[in-house]
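The values are calculated or read from the model by the stated rules, or taken from the named source; none is laboratory data. Every value quoted in this text rests on a predicted model; they were computed, and no experiment measured them. No Cβ is skipped: glycine too gets one built from the backbone with ideal geometry, and neighbour counts run over all protein chains shown. These area figures cover heavy atoms from the full protein model, side chains too; ligands, DNA and RNA do not enter into them. Shrake-Rupley method; radii C 1.70, N 1.55, O 1.52, S 1.80 Å.
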Amino acid sequence: MSRTNTHKPLHPTQEMDPVAPAIEVRGLHKSFGDKKVLTGIDFHVDHGQVVCVIGPSGSGKSTLLRCVNRLEEPTSGQVLIEGIDITDPETELDRVRSRIGMVFQGFNLFSHLDVMENLVLAQRKVLGRSKEDARKVAQANLDRVGLGERGQAMPSQLSGGQQQRVAIARALSMEPDMMLFDEPTSALDPELVGDVLGVMRELAAEGMTMMVVTHEMGFAREVGDKLVFMADGVIVEEGDPATVLADPQHKRTKDFLSRVL
Amino acid sequence: MTRTQRRRAIHWSLYALFILLVIAAIALADWPAIADNFFLLDGIAETWPTMLLIGAKNTILYTIISFTGGFVFALVLVLMKLAPVAPFRWLATAYIELFRGLPALIVILFMAFGVPIAFGWRAPGGPVGAGLLALMMVAAAYLAETLRAGIEAVPPGQIEAARSLGMSPAQTMVQVTLPQALRIVLPPLTNELVILIKDTSLLFVIGIAASEKELTIFARDMMSSGPTAGTATSLTMAAVFYLAITLPLTRIVSRMERKRGGSR
C-alpha cells in the first residue's frame, strides 16, 4: 500500500537476471490429491517470445499456466521468473505477480466496480500510484483495446468480448513484463473472438512476452514464436508453430491435430 | 362448459367466498368493544408524541447500537473462522454454535444479572448496556454465519484476479471479497436487522429507567397507567410504530436490490 512497495526487492538474496528467460519451468510436478496433473515439465519462454500451449482438455496446460504465477502451488519443481525462483518462500510473491499480467477464460472483472475502477484498483493498492496517474494509465489502456468510451460501464453491461478486452487492459495497466493468457477466447461467442485476438496480436507485435493457452490454431500459427503440445501432464512436442502444425512428429500430436484442424 | 369457462367460474366463486367472509367478519365484530380496547382515540392523541420520542427513539437507537456492534464483532468472527490457524477457527465455531443455540433472553439475563454477580463486572451503561451487549453477542453469531455464506459465494475467479494483479490476501479481502459478499447477503442481512429491531423488546426483562424504555416496555407500562390504562391501545400503538420502522426498511432494501439487479 505504501509507495515504497515498488522499490522492495523481489527476493532478499536472489537478483533479477537480465539474460535469464522470462519464464523458466524446471521439473514441475503438480498433483491434486492422488491425481497427477503435471508430471515433469521443463520449458521456458524467452523475453519477447509468444509461446502458445495447446493440447486436449485435461492435459494440464491451464494448470501449468497457473503454476507460473503460483495461483496453483506446484507440488515439486521450480518456476523462475526472470531468474528469480518464485517457489522459494522468501520471494515477494505479490510483487512478482504484479509484474505478470494474467487473463482468464472467464474474464473475472471485479463485478462490483465499473470498468475504470477495475483498471485503477490494483495500480493504486499494489503500485501505490496516485488516482490521477492511475486513471491516466487506465484510460490509455482502454483506448488501446478500443473501449476508451466505456470507462463508466459496469462489467455486466459489456459483451464477453468487451469484458475480455477490459481484462487485458486491466492487466496491461500494471505495465507487466509478461502476460499469461488462459484460454482467453474459449468462453466467447465466435463473432467476438476476433476482437480479442486482434488485441493480442497487437500486443505480440509490440514485443510483449506472452504465454497463451489456447485452442486457436490460426493464432498460434501466425503469432506464436513457439508451439507447445501437451498431453497427460507432459510436453509431448514443441517447436516452430508452422512446423509442428504442418508436420507433427508424435502420434499423439497427429491425433490431436487431426481432430481440431 | 369448456375448460376455460370452468376455470373462470371457480375463480369468481373464490372471490365471492372471500368477499362474503370479509362482510361476515365486519358484521359480526363488536366494533365498540374493539374501539374501547384497542383504539382509545383520546388516549392515542395524548400519548403518541412521548411514545415516539422515547419508545420509538430508543428502539431505533438500541437496534443501531446492537447491529453495528454485532456486525463489527461478526467480521472478527468470520475472519477467525476463515483463518489458517486452527484454534482461531475452533474458537469462532464454538462461539457461533453456542450463541445461536441460546435464546437471546437467556443471554440478556446472563449479562444483566449473572455476570455482575459472578465476576463483579458491570457493563458500561448500566442494565441497558448489559442488555445491548447481550444483543450484540447474539446478533454477531448470526451475522457471522451470514457473512461467511456471502464470502464463500464470491466466485473464486474474483479472488484469483485480485491475487494475480499482486494484491495481498488482506487487500483482496477488503477491496474485492467483502464488498461483493455484502451485496450477496444484503437480503438476509436486512432480515437479521428486522429480527434485531424486534428483539430489542426482550430488554423488558431487565429493569430500566423511564427515559430508557423502548417501544414494548413503554406500551406495556402504559397498559397499567396513564390515559390508555386498562386497554390494549398502547400495544396497538407500539405495533404501528414497529411496522412504521420495519416496512420502509424492507422496501428500501428491495429497491436497492432491484437497482443492483438492473446494473448486473
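Among the residues of segment B:218-239, those that are touching a residue at least 40 places away in the same chain (Cβ under 8 Å) and either closer than 22 Å to B:G69 by Cβ or not in a helix (DSSP H, G or I) (or both) comprise B:G226, B:P227, B:T228, B:T231, B:A232. Residues in segment A:160-175 include none that are crowded, with 22+ Cβ neighbours inside 10 Å, over 19 Å from the mean Cα position of the chain (by Cα) and more than 9 Å from chain B (Cβ to nearest Cβ). Just so you know, in segment A:140-159 the residues that are surrounded by fewer than 17 Cβ atoms within 10 Å (Cβ to Cβ) and in a helix (DSSP H, G or I) include one that is nearest to the other protein chains (Cβ to nearest Cβ), and it is A:S156. Would you check if A:V126 is more than 9 Å from chain B (Cβ to nearest Cβ) and either at negative phi or without any contact (Cβ under 8 Å) to a residue 12 or more places away in the chain (or both)? Criteria not met by A:V126. Between B:G261, B:G207, B:G230, the distinction of being on the phi > 0 side of the Ramachandran plot and either surrounded by fewer than 18 Cβ atoms within 10 Å (Cβ to Cβ) or modelled with pLDDT of 85 or more (or both) belongs to B:G230 only. The residue that is most open to solvent (accessible area, probe 1.4 Å), counting only those in segment B:128-177 that are within 18 Å of A:R124 (Cβ to Cβ) and of a type in the set (A, V, I, L, M, F, W, C), is B:V174. Scan segment A:90-100 and give yes if some residue there is outside any helix (DSSP H, G or I), on the phi < 0 side of the Ramachandran plot, modelled with pLDDT of 95 or more and more than 14 Å from every other protein chain (Cβ to nearest Cβ), otherwise no. Scanning segment A:90-100, I find no residue that is outside any helix (DSSP H, G or I), on the phi < 0 side of the Ramachandran plot, modelled with pLDDT of 95 or more and more than 14 Å from every other protein chain (Cβ to nearest Cβ), so the answer is no.
The single condition among (1) away from chain B (no Cβ under 14 Å); (2) within 30 Å of A:K251 (Cβ to Cβ); (3) out of contact with any Leu (no Cβ under 8 Å at 6 or more places or on another chain) that A:P184 does not meet is (1). Just one of the listed residues (A:G40, A:G58) is at pLDDT below 95, in a strand (DSSP E or B) and more than 14 Å from every other protein chain (Cβ to nearest Cβ), namely A:G40. Does B:V72 satisfy the criteria of being at pLDDT 95 or above and of a type in the set (V, I, T)? Considered against the rule, which asks whether it is at pLDDT 95 or above and of a type in the set (V, I, T), B:V72 comes out as yes.
Listed by position, the helices (runs of 4 or more DSSP H) enclosed by segment B:83-199 that each have at least 1 residues that are within 14 Å of chain A (Cβ to nearest Cβ) and touching a residue at least 60 places away in the same chain (Cβ under 8 Å) are B:126-153, B:178-184, B:186-199. Taken over segment A:101-131, the criterion of being of a type in the set (S, T, N, Q), assigned to a loop (DSSP other than H, G, I, E, B) and open to solvent by less than 30 Å² (accessible area, probe 1.4 Å) is satisfied by A:N108, A:S130. Among the residues of segment A:64-78, at least one is open to solvent by less than 20 Å² (accessible area, probe 1.4 Å), among the hydrophobic types (A, V, I, L, M, F, W, C), touching a Leu at 6+ places or on another chain (Cβ under 7 Å) and more than 14 Å from chain B (Cβ to nearest Cβ). Checking every residue in segment A:2-17 against the condition of being modelled with pLDDT of 90 or more, crowded, with 18+ Cβ neighbours inside 10 Å and of a type outside the set (S, T, N, Q) gives zero matches.
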